[in-house]
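Below is one structure, written out as structure tokens; the observations come after it.
The values are calculated or read from the model by the stated rules, or taken from the named source; none is laboratory data. Everything numeric here is computed off the predicted structure, so don't read it as measured data. Because the Cβ atoms are built from the backbone with ideal geometry, glycine has one as well, and the counts that use them run over all protein chains shown. Note: areas computed on protein heavy atoms with side chains; ligands, DNA, RNA excluded. Shrake-Rupley method; radii C 1.70, N 1.55, O 1.52, S 1.80 Å.
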Amino acid sequence: MIVANRLPVDRVEQPDGSRGWRSSPGGLVAALEPVLRANDGVWLGWTGGADETGADTEPFESDGLRLVPIPMSSEDIEEFYEGFSNATLWPLYHDLVAKPAFHREWWESYQRVNQRFAERAAEVAAEGATVWVHDYQLQLVPRMLRELRPDLRIGFYLHIPFPPAELFQQLPWRRQLLEGLLGADLVGFQLPGAAQNFVRLVRQRVGHKTHRDLVYLPDGRTVRAAAYPISIDWEGYQELARSEGVVKRAKEIREALGNPRTVFLGCDRLDYTKGIYARLRAFGELISDGHLDVEDAVFVQVAVPSREQVEQYKILRDDIDRLVGRLNGDLGQIGRPAISYLHSSYPREEMAALYRAADIMVVTPYRDGMNLVAKEYVACRLDNDGALVLSEFAGAAEELRQAWLVNPYDLNGMKAALLEAHTADERELTRRMKAMRRTVAQHDVAAWAEGYMADLANAGDHHAKPLRPLKSR
Ligand code: GDG
């Protein structure tokens with residue numbers, strides 16, 4: 001059983017007026033879907049809409065997947081989702097890039113909604129089932145679920161960074177969150193540093209004995225904390241990038257941009273952790289300094305709308321709108337804007353075409369758990385060309401060592417890296433891209449899911465009945 005904040009489907013209106021479901025594309029769905037199908041599993045999560053009655057709990061099937069909806073009222077959405085999840089935990093776990101808000105009502109709501117997920121999971125899970133809980137919205141679920149169903153094997157995976165003790169300490173409910181996670185047999189993180197932060201905090205704040213990646217609980221259970229860097233569907237992106245439609249569309253995109261010599265690309269959810277503002281400033285300065293010319297360079301920035309009800313996100317959107325307006329007003333020429341700014345989301349095919357069309361991919365988050373966009377770009381560069389400028393503070397930087405690595409707080413450093421990537425010769429580009437492609441091809445999302453599931457099968461209570469390996473079931 002997968003337990004995640006969102007179900008892998010979106011509600012859509014059918015042409016005949018009835019309501020249906022459409023699979024929502026994304027790395028996580030692509031990764032977990034095969035695991036789920038192979039194991040006759042179910043996926044439990046929120047449908048994305050407000051349900052004031054709380055009545056919509058009937059399991060349903062979509063494209064062969066068994067789905068169990070968890071209802072949320074508009075108050076839950078405001079307090080649990082937009083509040084505690086996205087205005088408390090998100091900034092706190094991303095190095096305080098924004099100031100986290102601590103509100104006791106939000107915490108109450110977080111507990112209530114986590115309890116709802118745990119109770120529903122406890123009702124649905126088969127005897128001795130394996131349950132994999134995902135991400136920061138559901139950190140209390142492992143413990144709540146274990147209390148209800150001690151027979152289950154429970155895994156947890158955090159998609160975002162886990163902060164150092166100095167920051168985590170601020171949270172008024174720090175101990176409860178740690179204890180929530182300790183309900184799992186295996187707690188997975190993107191990077192080894194995050195797993196170490198967690199183990200250290202458990203030792204300091206909860207007082208349990210620890211040794212390396214193991215936590216020893218007073219009741220005899222052991223919990224393992226380890227890193228499983230997430231990845232992408234490598235083969236899927238290869239195929240997509242190779243397809244006729246995508247190749248043609250990539251050409252069209254460059255033509256529509258006026259066939260400039262260099263296309264820079266940024267593609268992110270519109271989120272203050274992603275460093276969009278600073279990267280556009282750096283690019284703007286390269287033009288005003290005379291290093292680049294709008295006649296032959298353009299920056300395409302796709303900003304996918306995200307969390308639009310949260311105050312910080314509204315402010316960010318306005319700031320970026322203003323900056324883009326100013327840069328284009330000051331630096332652009334007729335038919336030649338400096339920045340081509342798109343506030344929208346696109347189908348996967350269009351994303352792949354953009355990756356193919358871009359000479360330099362610019363990924364400069366202040367902090368990011370992994371950053372799949374960087375890996376997707378690499379996957380789409382079938383000819384071993386193109387450059388990746390990547391923040392040191394993205395999880396992906398631990399694997400993609402051949403990118404031009406930058407400190408996103410250092411504007412001059414970013415400018416220098418953008419220029420270096422811009423002037424690099426073909427041999428240099430090929431050398432770097434080839435190495436990065438090898439890395440991502442070897443560590444794709446299937447390897448990620450299999451690695452985690454194999455460790456989960458071996459983790460936890462050694463007296464429990466061993467789980468049959470997933471593949472042979
Ligand atoms: C979190 C963590 C971690 C984006 N726009 C469109 C679109 N996307 C797809 C991308 C990519 C995914 O969404 C974004 O993933 P990222 O990893 O870049 O960033 P977050 O959304 O912040 O994800 C992150 C990740 O979880 C996984 O664990 O890597 O650190 O923050 O796959 O392609 N897809 C489509 N249209 C869009 O407009 N179809």
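Structure values in brief
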{"read-out": "Karplus 3J(HN,Hα) series, Hz, for region 330-336 with 6.51 cos²θ - 1.76 cosθ + 1.60 (x for Gly, Pro)", "value": "7, 10, x, 10, 4, x, 9"}
{"read-out": "Within the chain, percent of DSSP bridges classed antiparallel, to nearest 5", "value": "25"}
{"read-out": "Low-density loop positions, GluC sites (Glu not before Pro), region 122-188 - DSSP coil, at most 13 other Cβ in 10 Å", "value": "Glu127"}
{"read-out": "Per-peptide average of other Cβ atoms within 10 Å, ordering 220-231, 315-326 highest first", "value": "220-231, 315-326"}
{"read-out": "For Val263, solvent-accessible area (1.4 Å; no DNA, RNA or ligand), Å²", "value": "0"}
{"read-out": "Nearest-10 value in Å² for the accessible area of His343, using the 1.4 Å probe", "value": "50"}
{"read-out": "Share, in percent, of DSSP beta bridges within region 234-442 that are antiparallel, nearest 5", "value": "5"}
{"read-out": "On Cα atoms only, tilt of 411-423 relative to the major axis of the chain in degrees", "value": "60"}
{"read-out": "Region 336-442 - Rg over Rh from alpha carbon coordinates, Kirkwood radius", "value": "0.94"}
{"read-out": "Selected from Asn458, Leu145, Ala421, residue furthest toward positive end of dipole (the chain; charges at beta carbon)", "value": "Asn458"}
{"read-out": "Sequence of Lys434, Lys375 from largest to smallest accessible area, 1.4 Å probe", "value": "Lys434, Lys375"}
{"read-out": "Placed amide H near Val3: partners under 5 Å, 5+ positions off or other chain", "value": "Leu44, Trp132, Val133, His134"}
{"read-out": "Helix 27-38 vs. the chain, principal-axis angle (Cα, 0 to 90°, nearest 10)", "value": "40"}
{"read-out": "Accessible area of region 234-442 belonging to carbon and sulfur atoms, whole % at 1.4 Å probe", "value": "45"}
{"read-out": "Angle between the chain longest axis and helix 276-288 axis [Cα atoms, degrees, rounded to 10]", "value": "10"}
{"read-out": "Among 366-373, 33-40, the order from most to least packed when residues are scored by Cβ within 10 Å on average", "value": "366-373, 33-40"}
{"read-out": "Of every Cα-Cα pair in the chain, the percent that sits beyond 35 Å", "value": "34"}
{"read-out": "Helical mean residue ellipticity (222 nm; -39500 (n - 2.57) per DSSP H run of 4+; nearest 500) of the chain", "value": "-12000 deg cm²/dmol"}
{"read-out": "Sparse-neighbour loop sites [GluC sites (Glu not before Pro); region 222-300; at most 13 other C-beta within 10 Å; DSSP]", "value": "Glu295"}
{"read-out": "For region 234-442, alpha-carbon Rg relative to the globular expectation (2.2 N^0.38 Å, N residues)", "value": "0.95"}
